[in-house]
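Engineer: Quick one: this structure, given as C-alpha cells, is what I'll be asking you about.
The values are calculated or read from the model by the stated rules, or taken from the named source; none is laboratory data. Small disclaimer: the values here were computed from a predicted structure and weren't measured. Backbone-built Cβ (ideal geometry, glycine too); neighbour counts: all protein chains shown.
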C-alpha cells in the first residue's frame, strides 16, 4: 500500500505554550541559553510564516478550471512558489544548526527543533514544493492547487510544533530513538573491533615479514575509532546511565589509539591486547545503554497507554464525522441527476483528506505500540483497519460516494470502537518494562486474545463477503483470469488470516518461553 503524505490536522482549543518573545531569559549570560533560543526560534517561526504566506498567495492566484492567461501572473505564482521553497530550505538548515548549538545549554529546546527537522523531512515538504514548482511550470494548475493545500497544512502543523511545548512522551520517545540508534551503531562497531582483534591475533602468530597487512589494520582501526568517538559524543548528552556508556566508549577509544600505535610499530600482539580491552569497554557501554533504555521504557509505557487511547478516540471521532458527511453527500447526489453539483463533489474530496488523516494517526499509533513492545496483537489489528480506511479515502478522493461506501465507514467505526474498548482493558494490565509477555499475566493474555478474536471475526466476515462475490461456487471451476477486484479481496483476506496466525504464534512463544525476569538482557 502506498502511503500518501497528506498531513494530519489535529485541532485543539487549548492555547499552546509559547515562548515569551518580549522577555529574554538570562539576557546577560554569554552562553547559548533561553534568550538565544527565543530569538532564533522566533526567526524560524517568522520564516515559516513567510513560507506559508507565499504559498497562500500562490494558491489564491491560480484558478483550477480557468488557468491564468497573463504571463505576468504565471511568472508571479512560479516566483512565489520558488521563494517558499528557498525559505523552507533555509528554515530546515537553521533549525538544525540551532539545535546543535543549544544541545547542552537548552536540551529541551534543541530536542524540539530536531523533532521539527525530522517531521519536515519525513513529510517530504521540500520535495513536494519542488514537485509543485514543476506542476506550475507545466501549467498543471489543478494538481498544483491540491499540492499547495497539502503543503500549507503541513507547514501549519510544523508551526504548531515549533510554538508549542514538547510533551513528556515526545521527549522520551526522542531519547528512546537516540538510544536505539546508538545501540545499532555500537553493535556494528563492536563486531568490527572483534574482527580486527582476530586479524591482529592471526598476524601476531604468523609474524609477517611485510608491513602492508599491519598498515591496512591500522587504517581500519583508525576508522573504527572515529566511529566509536561519534557514538560516545551522541550518548553523553542523553544523561543517566547513557553518560556512563559514553565514558566507557571513551576508554575504548583510548585502547584503540594505543592499538593504532602498536600496529604502526609492527607489534600486532600488543595491538591485539588493546583491541581486547576496547571490546570489553564497548560491551560494558552496551550494558549501560540497555540499562538506560529500560528506565526510559518504563516511563514511556506509563504515557503511551494514555496516548494510544487518545489516538483511537480521535480516529473514531473523525471517522464518525466523515461518515456523517458522506451520508449527506449521498443524499445530495441522489437528488441531483448526473454527476452532482460541483460543491458536493468538492466536499467529498475534502472528506478524503480527513479520512487520510486517520491513516496517518493509525501509523503513529502502531509506531508507539511497536516501539514500546506493549502488545503483539494490536498493531496488525490496527493495520487491518488502516487498510480499510485507506480504501475509503481513495474513493472519496475520486469524489465518489454511495450507500456501499457508507456501510464500509460504519464497519470501520465498529472496528475502531472494538479496538478502543479492548485497548482500555489491555492498558489496565501490568506490563513488564521493555518486554511484552503474557506469561504469568492473566489479564494481559485475556486482553491480547480478545484482540485476536476480533481479528478472526473480521477475517470470517471478509471471507463470506468474498465468497458472495464469486460467480462460480466450485473452487475447481474458478477461472484463471479471475476478476482483479475479487482477487485483491481474496488476497487481503488471506493476509488477514496470516496476521492472526502470526500473532497467535508470538503469544504461544511467550507462554512456552522463559519468564520475563529470567530472559537475558
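Engineer: Does residue 255 satisfy the condition of being crowded, with 21+ Cβ neighbours inside 10 Å, modelled with pLDDT of 90 or more, assigned to a helix (DSSP H, G or I) and in contact with a helix residue (DSSP H, G or I) (Cβ under 8 Å, 6 or more places away or on another chain)? It would help to see each step written out before you state the result.
Structural biologist: Numbers: crowded, with 21+ Cβ neighbours inside 10 Å: yes; modelled with pLDDT of 90 or more: yes; assigned to a helix (DSSP H, G or I): yes; in contact with a helix residue (DSSP H, G or I) (Cβ under 8 Å, 6 or more places away or on another chain): yes.
Yes; evaluated as a whole, the condition is true for this residue.
Engineer: Continuing with the same structure: Any residue that is modelled with pLDDT under 80, assigned by TED's automatic domain parsing to the domain that holds residue 353 and under 28 Å from residue 317 (Cβ atoms) - is there at least one of those in segment 412-421?
Structural biologist: Filtering segment 412-421 down to residues modelled with pLDDT under 80 leaves none.
No, because not a single residue in segment 412-421 is modelled with pLDDT under 80, assigned by TED's automatic domain parsing to the domain that holds residue 353 and under 28 Å from residue 317 (Cβ atoms).
Engineer: Are any of the residues in segment 229-249 in a helix (DSSP H, G or I) and more than 30 Å from residue 102 (Cβ to Cβ)? Steps first, please.
Structural biologist: Here is the first cut: in segment 229-249, the ones in a helix (DSSP H, G or I) are 229-236, 241-249.
In the following step, the residues that additionally are more than 30 Å from residue 102 (Cβ to Cβ) were identified as none.
No, there is no match, as no residue in segment 229-249 is in a helix (DSSP H, G or I) and more than 30 Å from residue 102 (Cβ to Cβ).
Engineer: Please verify whether residue 394 is in a helix (DSSP H, G or I) and touching a residue at least 60 places away in the same chain (Cβ under 8 Å), treating the condition exactly as stated.
Structural biologist: Numbers: in a helix (DSSP H, G or I): yes; touching a residue at least 60 places away in the same chain (Cβ under 8 Å): no.
Spelling it out, it is not the case that residue 394 is in a helix (DSSP H, G or I) and touching a residue at least 60 places away in the same chain (Cβ under 8 Å).
Engineer: When you look at residue 274, is it in a helix (DSSP H, G or I), crowded, with 17+ Cβ neighbours inside 10 Å, assigned by TED's automatic domain parsing to the domain that holds residue 219 and touching a helix residue (DSSP H, G or I) at 6+ places or on another chain (Cβ under 9 Å), yes or no? Quick ask: steps written out before the conclusion?
Structural biologist: Numbers: in a helix (DSSP H, G or I): yes; crowded, with 17+ Cβ neighbours inside 10 Å: yes; assigned by TED's automatic domain parsing to the domain that holds residue 219: yes; touching a helix residue (DSSP H, G or I) at 6+ places or on another chain (Cβ under 9 Å): yes.
Yes; evaluated as a whole, the condition is true for this residue.
Engineer: Would you confirm, using the coordinates I've provided, whether residue 360 is surrounded by 17 or more Cβ atoms within 10 Å (Cβ to Cβ) and in contact with a helix residue (DSSP H, G or I) (Cβ under 9 Å, 6 or more places away or on another chain)? It would help to see each step written out before you state the result.
Structural biologist: Values: surrounded by 17 or more Cβ atoms within 10 Å (Cβ to Cβ): yes; in contact with a helix residue (DSSP H, G or I) (Cβ under 9 Å, 6 or more places away or on another chain): no.
No: the conditions fail for residue 360.
Engineer: Looking at segment 221-245, which of its residues are modelled with pLDDT of 90 or more, closer than 18 Å to residue 293 by Cβ and more than 27 Å from the chain's Cα centre (by Cα)?
Structural biologist: Residues satisfying the conditions do not exist here.
Engineer: Could you run through segment 116-146 and say how many residues are under 22 Å from the mean Cα position of the chain (by Cα) and in a helix (DSSP H, G or I)? So that I can check it myself, show each step before the final result.
Structural biologist: Taking segment 116-146 and keeping what is under 22 Å from the mean Cα position of the chain (by Cα), we get 116-129.
Checking which are in a helix (DSSP H, G or I) leaves us with 116-122, 125-129.
Final tally of qualifying residues: 12.
Engineer: If you don't mind, another one. I want to confirm something. Restricting to segment 230-239 and keeping residues that are surrounded by fewer than 17 Cβ atoms within 10 Å (Cβ to Cβ) and without any contact (Cβ under 8 Å) to a residue 60 or more places away in the chain, which single residue is nearest to residue 287 (Cα to Cα)? Give the derivation first.
Structural biologist: Residues of segment 230-239 surrounded by fewer than 17 Cβ atoms within 10 Å (Cβ to Cβ): 230, 233, 237, 239.
From what's left, without any contact (Cβ under 8 Å) to a residue 60 or more places away in the chain: 230, 233, 239.
Numbers: 230: 18, 233: 17, 239: 15 Å.
That would be 239.
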